[in-house]
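Have a look at the structure below before the remarks.
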Amino acid sequence: MGIAADGAAQTTATRLAQEGIELIRFLWVDHDSITRGKAVTTRALEPRLVSGVGLASTRQATGLSDLGQPVPGFNAVGEVRLHPAPETLAQLPHAPGSAAMLCDLVTADGAPWDACPRTFLKEALASAATYDVVAGFEPEFTLCRTQPAPGRFEPADDSLCFDNEGFDATTDFTLEVIRALEAQGLGVETCHPEFGPGQHELTLQPAPALRAADAYVLQRLITRGLARRRGLWATFAPVPTPGARGNGNHLHVSLWSRSGSGAPAVNLFADDRDPLGLSELARAFIAGLLRHLPGLMALTCASVNSYHRLKPRMWAGAFGSYGPDNRETAIRVPSRLCGREAASTNIEFKACDSTANPYLALGALIHAGMDGVRHGWDPGPALSADPNELTPEELARAGVIHLPQSLEEAIVALEADDLLMSVLGPMRRALYPAIKRADALDMKALGEELEFHTHALRY
Ligand code: GLU
Ligand code: MG
């Protein structure tokens, strides 16, 4: 993805026209992680690369109902701009003739806007001071034979977890997605059939954090678009139908030294002397995540539907702790890969799904982790046992934190978290809880069957 370094606006428009691109979508991701946008024709692109496209600011106050929430300052008056990030330019294989650019939301005079999610991540990265954050999103999705309807949900295959039949059942689609992503410079690392019928996972290479979040957004929309074009349906909803295995979007993170003046970048989370291979820095980062975990979940498990997934024995990270290769703790410390020990050291935040805005989720995670680093906190002993095999007393003794059981509880925890509320800033901390509470009410009014269905459609 991206416009070449010599890509002056005019060159870009000319090149796109030569490549048969007629329409460029200017996209952003809203507080509910819905990808939205406006499009510009290639003929009109050049000045818009600089000026952006106008957008009613109240769009950032809407949730799943599409209605603006009554947050002061958000009404029929007010305008911001969708300002495209040139490095995110990607052609859309499922929409021949179309390309997309991911946008920052800026004020009419071009300044960063306080409700822009992409800017939130950039601010978090700036606050990580001397470290480079490397991240990887690990989205799972359910592939369906056709678009779900109320009472009808038909997974595209019936394979077991990691079942070779699952590869065979979906091979044309999977390879089409991989080719499409690779063609846009989004390097694919692995893919496999997951636990549930129709459930799959496809992961991109880890990348600098902003690029990783951008890549995830493009991956999701290209996957959904290619499925739709085949008459299939790909949903990234946490639990798209009652009883389905949950779709997670685990977040892998590590902090690296800045490369420069000839010195190679070094993974500062790695320390061979530690039994888990973790440095003091990584341990302090984990301690920060644990300290802020309940509030953080409002931004990483960001929908009513998220809490159907976040249950014990689902490997979704429903227990507030961390542990080595522990798939039940919110933070898993993956064992390192032979021959790539230092490079592969990272932590996996499992309590995250695709209803979370990736920029807000990753940005908040960085802020929380860095709080631990700044204070030099210790996360305490790692949880090596399966928490399902421990009694409530043993869980308490191991320091396992009680996590929110619903979106409403997570929002209350967020509002009680001074650090997260402070970094969100006055505008986001008014908007976010208002939108989420409205979503919770709307979903309650719909009833459970339609709530599952709404998420299967929207995500
Ligand atoms: N599907 C699980 C989740 O909801 C994750 C399974 C796995 O470990 O890959 O997070
Ligand atoms: Mg998985």
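None of the figures in this text is laboratory data; all of them are computed from the coordinates on show. Computed from a prediction, not measured in an experiment: that's the story for all the values here. Positions of Cβ are backbone-derived with ideal geometry, glycine not excepted, and every protein chain shown enters the neighbour counts.
In order along region 232-242, phi translates into HN-Hα couplings of 8, 9, 10, 10, 9, 4, x, 9, x, 8, x Hz, rounded to whole numbers, per the Karplus curve 6.51 cos²θ - 1.76 cosθ + 1.60 with θ = phi - 60° and x for Gly and Pro. Shape of the chain from the C-alpha gyration tensor: rounded (a/c under 1.5, with a ≥ b ≥ c the square roots of its eigenvalues).
Residue separation of T11 and E449 scaled by 0.36 nm, minus their Cα-Cα distance, works out to 152.7 nm of gained length. Computed from the Cβ-Cβ distance with R0 of 51 Å, the FRET efficiency linking R397 to K38 stands at 0.40.
Under the membrane-span-like helix rule (DSSP H runs whose alpha carbons stretch at least 20 Å along the helix axis, mean Kyte-Doolittle hydropathy -0.5 or higher), the chain yields 164-183, 209-229, 280-300, 358-375, 418-446. Mind checking which of P240, C301, I435 is farthest towards the positive end of the chain's charge dipole, using Cβ charges of +1 (Lys, Arg) and -1 (Asp, Glu) about the Cα centre? Sorting the options by dipole projection puts first I435.
Report relative contact order for region 211-339 in percent, whole number only (criteria: Cα-Cα under 8 Å, sequence separation at least 6). Relative contact order comes out at 15 percent.
Calculated FRET efficiency, L175 to A342, Cβ-Cβ distance, R0 = 25 Å: about 0.15 to the nearest 0.05.
Taking other residues whose beta carbon is less than 14 angstrom from the beta carbon of A282, and scoring Lys, Arg as +1 and Asp, Glu as -1, yields -3.
Think of region 248-378 as having a plus end and a minus end, set by charges on the Cβ of Lys, Arg, Asp and Glu; of A343, L310, S254, L310 sits farthest toward the positive end of this dipole. Please work out the FRET efficiency for the pair N164 and S127, using the Cβ-Cβ distance as r and a Förster radius of 41 Å; give the result to the nearest 0.05. Using R0 = 41 Å, I get an efficiency of 0.35.
In this rough spin-label picture, where each label sits 7 Å from Cα along the Cβ direction, the E415-S384 distance is 4.3 nm. With the convex hull of the Cα atoms taken as the outline of region 125-245, the averaged projected area works out to 8.2 nm². In loop segments of region 250-314 as defined by DSSP, the trypsin sites (Lys or Arg not before Pro) with at most 13 further C-beta atoms inside 10 Å of their C-beta are R258, R273, R313. Going by the alpha-carbon gyration tensor, a ≥ b ≥ c the square roots of its eigenvalues, is region 39-167 rounded (a/c under 1.5) or, if a/c is not under 1.5, prolate (a/b greater than b/c) versus oblate? Taking the square roots of the gyration eigenvalues as a ≥ b ≥ c, region 39-167 is prolate.
Maximal additional length on extending the E189-E280 stretch stands at 29.9 nm, based on 0.36 nm per residue less the C-alpha distance. Taking the number of Cβ atoms within 10 Å of each Cβ as an exposure proxy, the fewest-first ranking of E409, E280 is E280, E409.
Given axes a ≥ b ≥ c from the Cα gyration tensor, I'd like to know whether region 20-100 is rounded (a/c under 1.5), prolate (a/b larger than b/c) or oblate. Prolate, since a/c reaches 1.5 and a/b exceeds b/c. The dipole here belongs to the chain: it is taken about the Cα centre, uses +1 on the Cβ of Lys and Arg and -1 on the Cβ of Asp and Glu, and is about 1040 debye.
Remark: spin-label model distance R273-R313 equals 4.3 nm, labels positioned 7 Å along the Cα→Cβ axis. Per-residue extension of 0.36 nm, minus the Cα-Cα distance of S335 and D442, leaves a gain of 34.3 nm for this segment. The spacing between region 344-364 and region 145-193, judged by their C-alpha centroids, is 22 Å.
Summary value for the chain: 17 percent relative contact order, contacts being C-alpha pairs under 8 angstrom separated by 6+ residues.
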